[in-house]
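Since the structure comes first, as structure tokens, the remarks are kept for the end.
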Amino acid sequence: MGKFVLKFTAISLILIAILLRVELIKAWNPLDSNHQFIHARWNALYDLTEKEEIDILLMGNSRVYRGINPKLLSTATSSISFILGAPGTTLQDTYFSFKEILKRTTPKILIIETYCINGFEYKSSSSVTSIFKSFNAKKDYVSKILSTPYLFHINHWPFAWMNSIRNHNYIFDDKQDLKKNIKDYPKVVEQITKGKDNKYMGKYSLYLGKFSGGKGIKEDILIRYEQDGAPADMAKRKISDINKYYLVKLDELCRENNVELAFLTIPVYYKHLKNYDQFRQKLEDQIYPLNRKWLDLQRDYDTNFFTTEHFDNTYASNQHTTAAGSYACTKKLVDFLKIEFTDILPDKSKDENWHKLFYGSEDYFLHYTVNKNDKKNKILFKDVMLNEILIEECGLAITSPKYVFMWAKLKRGDLPADFMDSKTLRMLAIVNLNGENKKVTLELAHKPYYSDDDLFIFSGYLKPMDIVQIIQVQLHNK
Amino acid sequence: MLFNSFEFLLFYIIVSVLFFIISNKWRWLLLLIASYIFYSSWSISYLGLIVISTIVTYYSGILLDKQNSNVDKPETTRNKNKHSIVAASLIINLGILFFFKYYNFAATSVNSIIPNTLPFIDSLLPVVGISFYTFQALSYTMDVYNGKIKAQHHIGKYALFVSFFPQLIAGPIEKAANLLPQFDKSTKFDYQRVRSGVLLMVWGVFKKVVVADHLGIFVSKVYENPESTSGIIPIIATLFFAIQLYIDFSSYSDIAIGAAKVFGYKLTINFKRPYLSTSFGDFWKRWHISLNAWFMEYLYIPLGGNRNKYSRTIINIIIVFLISGLWHGASWNFVIWGAINAFYLLVLDRLLFSIKNKKPLSLLKKMFRGTVIMLFWSLSLVFFRADNFTDAITIYGNLSFTDNQQLYDFGLNQLTFKFVLGIFFIIYVVELFQELGYTSDNIFRAPLIVRWSIYLLLPLAIIYLGAYGSELADSSFIYFQF
């Protein structure tokens, strides 16, 4: 027997060595953006929690990282928020991810987007592929080992632990990707682990988990809504027993760690679904017994606020928000948090490190001003009266080589919140383009999702230019 | 718990290690527990059925044995009692088999003639391996009845005979005379035997995941929508299915035989290179040997076999093939498939392969004849694979040699297509060597570099070249459904 055991062990060790070697090449790691972004999110989270505590953590599936802008949320609440979403994820995956996060940071508030409270069955093939991705991105090996039996069917263990096994079919199907991965190994690793050079992440080094894109619903889809009705029937949507179980576990985990648990429902376009009330009832049956706060932007759909430009141009059953939609949802969430969690939210507006973290992003300048010694971003003018409205500040930030971000903050005073809804701010300016001064008209749109009780915010992205002087400012009706 | 799963790999390693650690005395118990765990992995509720079948056939064996040895009673009385006992065993076992496998089929068939006669039971799910273990248990009852074997008095070992996990789900269907005595033997760890058993298992998994499952992708795509394919595509799919079915089922048998061999138990060979058969008669001696032997012994011979007039022999053969067809599935398609193969045996064999000179054929002739047989066999398999009669007729109607569809639009791209055919060619060459008398011992006598290359390349090919489905869909052995 000894001879057999010896040879069997030797062959097994050689096989394991080959498997590990192949795995470490990372040639079998997919280059799709979903995969990259999960790695990028986890890496950003590991980096951030080295130095900072996360205050608001948002978790859920793709709807949460498409639906919320964490920088705007952070700057509007003077806190640090982070989105750790994974496409098509389940609550059991969320639970184990949160457990791992708790080893690094204890957020004040955990917000769960309700679309991950879904009907995926325990360890089923349909849900497991998305869990593989987030599992693959985690670095705490002890947590990973302990959670493996809970997350995956035993037959999926090798797939969970090795991309080279899970994606072995690249040999037949994706030879180009495979060759590229092998050839550009360092670049691929960088892309996968850092999400580098990706347009969706933005150009700032601070990555807080967002992923936004899309340009709003077009005429063709609007016609389909009218002709074919809603594509998503929420009456058919279920909540699986395993998700119910992990919802309770997540609540218990939050209570043990003194974390406030809250729920958020990111909306889809109101014509996109039917029978939401029936699914809402199923959610209520699970969420209400937990006695937690819940912001349901679908039930409380604001048709004036959430317009066609806020949603993806799709008739498929799932619909995400656009960048504009994410700002709108974030604004609603900020208002919700300020009402429901006033005592819990930290105020980091006096914290120098916090300012260093966010300084330079457009979201930052909407709530704070440009530093005096900043040579890159600048204030164009301050405290100018326009039709008895004070323009508190107008500034310009260099956000990317392709665009500059311009904003204006107007004092609201006693004016109603919707006063500026149909207005734009037009400015006649002298700008320096290619060394030549020219007169141009600049136009900034009112952004209700930036505005608050104190200020009306106008903003817009412009081509890179050096604004020499603002000659005239006027409010213009659209 | 599929043989080609990680779950089975761990399960088997644990069972094997424990098997060689514990004393011979308790090995039956270990294997019985392992077998019940193995079977329960599909559904715990299935376990009740196998336990019922075990208890019924066990006690019928004991009672039959008593009748055989009770010389005080007149023979007529004893025979009458034996008839009653064996009838009760058959009714209970076949009753369970009929109810779980054929009731809905019967209800649908009856209702199509006289509407609303029998209710259709939606909740009646197919029971994995029921046809296999029921036939195995019944063969025991009938062998005791016929006095061929003595009844097994150790209920644990008998339960193990019915449920022995390597062959529980898809055979080989073992005779009690072969398997039961082996459980009493003391087996020691034998390096050569264990090595040979493990290699056979790995070879089986390799064939299954690298060839059969890849071919299955193409076959499924075509047969799922038969009306949307025509020309050469359904011809290729049908030929592929013939290869897939053979590779799939023979690989299962390889794993089963290899797994039992490691423990020191010898199972019946189930396949002997059927695509090198010299006639249809020869084919049925090489294909699913244990099932055909069962039908031969317990159905064909009791019906009279070939002992009566030739017309009666023809009827007997047709009955066996029709019932064999029905054994494979609760559908008229399988009955038709059986009828076609009866026709092949009774008519085509005489027309094409009449052998006057009984000298063994050369390998080349075997290859030629085997290929012809495989082509005819493939045609019959349309009924075997199609979901219903209409689909089968659609496939037949669409068979032609026109090339009006893209070959690589059916789940296998060009590379995979060529690769799988290449590997099948290698398997075919291996079978040619086996036909010439080469065995795995030839590998073990090969130079170290060759042996170790095989030991490493087969598992690596299983891992990196197997078809596991891009959505990680479960795959299962085709014969499990029977």
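The values are calculated or read from the model by the stated rules, or taken from the named source; none is laboratory data. Keep in mind it's a predicted model, so treat the numbers as computed, not measured. With ideal geometry, Cβ positions are generated from the backbone for all residues, glycine too; neighbour counts draw on all protein chains shown.
Against the test of being part of a strand (DSSP E or B) and over 33 Å from the mean Cα position of the chain (by Cα), the options A:I470, A:I457 yield a single qualifying residue, A:I470. So is A:I18 without any contact (Cβ under 8 Å) to a residue 60 or more places away in the chain, within 14 Å of chain B (Cβ to nearest Cβ) and of a type in the set (A, V, I, L, M) or not? Yes. Whether any residue in the stretch A:128-141 is assigned by TED's automatic domain parsing to the domain that holds A:H153 and within 13 Å of the chain's Cα centre (by Cα) is what I want to check. No, there is no match, as no residue in the stretch A:128-141 is assigned by TED's automatic domain parsing to the domain that holds A:H153 and within 13 Å of the chain's Cα centre (by Cα).
Residues that are in contact with a Cys (Cβ under 9 Å, 6 or more places away or on another chain) and either outside the structural domain of A:S451 (by TED's automatic domain parsing) or farther than 13 Å from A:M465 by Cα (or both) within the stretch A:381-428 comprise A:F381, A:K382, A:V384, A:W407, A:A408, A:K409, A:L425, A:M427, listed in sequence order. Of all the residues in the stretch B:207-235, those that are over 15 Å from B:L245 (Cβ atoms) and either more than 14 Å from chain A (Cβ to nearest Cβ) or buried (at least 23 other Cβ atoms within 10 Å of the Cβ) (or both) number 14.
Here the condition is being closer than 19 Å to B:A259 by Cβ, over 20 Å from the mean Cα position of the chain (by Cα) and in a loop (DSSP other than H, G, I, E, B); of B:F120, B:F189, it holds for B:F189 alone. Considering only residues that are touching a residue at least 60 places away in the same chain (Cβ under 8 Å) and facing another protein chain (nearest Cβ under 7 Å), look in the stretch A:160-179 and name the one that is nearest to A:S143 (Cα to Cα). Ranking the candidates gives A:I165 first. B:L421 meets the conditions (1) away from chain A (no Cβ under 14 Å); (2) hydrophobic (A, V, I, L, M, F, W, C); (3) free of Cβ contacts under 8 Å to residues at least 40 places away in the same chain; (4) closer than 24 Å to B:L375 by Cβ in every case but one. The failed one is (1). Output the qualifying pairs, or none if there are none: Cβ atoms under 8 angstrom, residues six or more apart or on different chains, first residue in the stretch A:255-268 and over 22 Å from A:R280 (Cα atoms) and free of Cβ contacts under 8 Å to residues at least 12 places away in the same chain, second residue of a type in the set (V, I, T) and buried (at least 20 other Cβ atoms within 10 Å of the Cβ). Hits for this filter: zero, empty list. Here the stretch B:291-320 is the region considered, the condition is being buried (at least 17 other Cβ atoms within 10 Å of the Cβ) and β-branched (V, I, T), and the residue that is nearest to B:L138 (Cα to Cα) is B:V320.
Considering only residues of the stretch B:333-347 that are out of contact with any Phe, Trp or Tyr (no Cβ under 6 Å at 6 or more places or on another chain) and surrounded by 14 or more Cβ atoms within 10 Å (Cβ to Cβ), which is nearest to B:S279 (Cα to Cα)? Give the derivation first.
Quick first cut of the stretch B:333-347, residues out of contact with any Phe, Trp or Tyr (no Cβ under 6 Å at 6 or more places or on another chain) only: B:334-335, B:339-340, B:343, B:346-347.
Adding the requirement that they be surrounded by 14 or more Cβ atoms within 10 Å (Cβ to Cβ) leaves B:334-335, B:339-340, B:343, B:346.
Working: B:F334: 22, B:V335: 22, B:A339: 17, B:I340: 15, B:F343: 13, B:L346: 11 Å.
Per the stated criteria, the residue is B:L346.
One residue stands out in the stretch B:1-15 among those that are more than 10 Å from chain A (Cβ to nearest Cβ) and at pLDDT 95 or above: the one that is farthest from B:A259 (Cα to Cα), namely B:I14.
Out of B:I52, B:I21, which single residue is in contact with a helix residue (DSSP H, G or I) (Cβ under 8 Å, 6 or more places away or on another chain) and at pLDDT 90 or above?
Numbers: B:I21 fails: in contact with a helix residue (DSSP H, G or I) (Cβ under 8 Å, 6 or more places away or on another chain).
Just one listed residue meets the conditions, B:I52.
Hey, which of the helices (runs of 4 or more DSSP H) in the stretch B:385-444, taking only ones fully inside, have at least 2 residues that are aliphatic (A, V, I, L, M) and assigned by TED's automatic domain parsing to the domain that holds B:N225? Steps first, answer last, please.
Working: elements: B:389-398, B:414-435, B:440-444.
Helices (runs of 4 or more DSSP H) meeting the threshold: B:389-398, B:414-435.
For residues in the stretch B:175-195 being among the hydroxyl-bearing types (S, T, Y) and away from chain A (no Cβ under 11 Å), which is farthest from B:Y252 (Cα to Cα)?
Going through the stretch B:175-195, the residues among the hydroxyl-bearing types (S, T, Y) turn out to be B:186-187, B:191.
Narrowing further to those that are away from chain A (no Cβ under 11 Å): B:186-187.
Values: B:S186: 26, B:T187: 24 Å.
Restricting to residues being among the hydroxyl-bearing types (S, T, Y) and away from chain A (no Cβ under 11 Å), the top hit is B:S186.
So, B:D65, is that one in a helix (DSSP H, G or I) and touching a residue at least 40 places away in the same chain (Cβ under 8 Å) or not? So B:D65 fits the description; yes.
Against the numbered list (1) surrounded by 15 or more Cβ atoms within 10 Å (Cβ to Cβ); (2) within 13 Å of chain A (Cβ to nearest Cβ); (3) modelled with pLDDT of 85 or more, B:E435 comes up short only at (2). Residues being farther than 30 Å from B:I232 by Cβ and in contact (Cβ under 8 Å) with a residue 12 or more places away in the chain are represented in the stretch B:328-348 by at least one member. Every condition in (1) touching a residue at least 12 places away in the same chain (Cβ under 8 Å); (2) closer than 30 Å to A:K282 by Cα; (3) over 20 Å from the mean Cα position of the chain (by Cα) is met by A:P149 except one, and the failing one is (1).
Can you tell which of A:I112, A:I131 is surrounded by 24 or more Cβ atoms within 10 Å (Cβ to Cβ) and not in a helix (DSSP H, G or I)? Quick ask: steps written out before the conclusion?
Numbers: A:I131 fails: not in a helix (DSSP H, G or I).
A:I112 is the lone residue from the list that is surrounded by 24 or more Cβ atoms within 10 Å (Cβ to Cβ) and not in a helix (DSSP H, G or I).
The single condition among (1) touching a residue at least 24 places away in the same chain (Cβ under 8 Å); (2) under 30 Å from B:L457 (Cα atoms) that B:Y191 does not meet is (1).
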